[in-house]
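Okay, structure first, notes after.
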Amino acid sequence: MRELLATHSSAELTEWIAYEQITGPIGPARDDILMAILAATVSNANRGKGRKARVLDFLPKWDRTKKRMAWQDMLTAVKSINRTMGGNDLTQGGEHAGPLGTPGQARYRQPGADRRR
């Protein structure tokens, strides 16, 4: 929707909203539904006896009601994943010295940083 707001008029946006209400979701939401139908069909064709798979069993649930994670929590999660994968922590006060030496050391020199004045 944001893309539509940025490049289209209010009248055109209203027409697209009306079209979507008549024909069903457009874009990624429609793709999710179509793939869930396909997955349920394949599952039911290859199943034994028991409960039939429903489309809703395969439809992703996008939870947008959760509160956004604080940046500190995101950083902690990324550091944990990095550590698990054997990566080096190059942040200030990181646990490991990276290939450049001390933690937090810049990867690139700033232009003119080594010039004499």
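General remarks:
- Test for GLY86: is it over 30 Å from GLU15 (Cβ atoms), in contact with a Pro (Cβ under 8 Å, 6 or more places away or on another chain) and either of a type in the set (Gly, Ala, Ser) or modelled with pLDDT under 85 (or both): no
- Failed condition for VAL42, given (1) modelled with pLDDT of 90 or more; (2) surrounded by 13 or more Cβ atoms within 10 Å (Cβ to Cβ); (3) not polar (S, T, N, Q): (2)
- VAL78 open to solvent by 80 Å² or more (accessible area, probe 1.4 Å), at pLDDT 85 or above and among the β-branched types (Val, Ile, Thr): yes
The values are calculated or read from the model by the stated rules, or taken from the named source; none is laboratory data. Fair warning: this is a prediction, and the values are worked out from it, not measured in the lab. Cβ sites come from the backbone with ideal geometry, for glycine too, and all protein chains shown count toward neighbours. Accessible surface areas use protein heavy atoms only, side chains included; no ligands, DNA or RNA. Shrake-Rupley method; radii C 1.70, N 1.55, O 1.52, S 1.80 Å.
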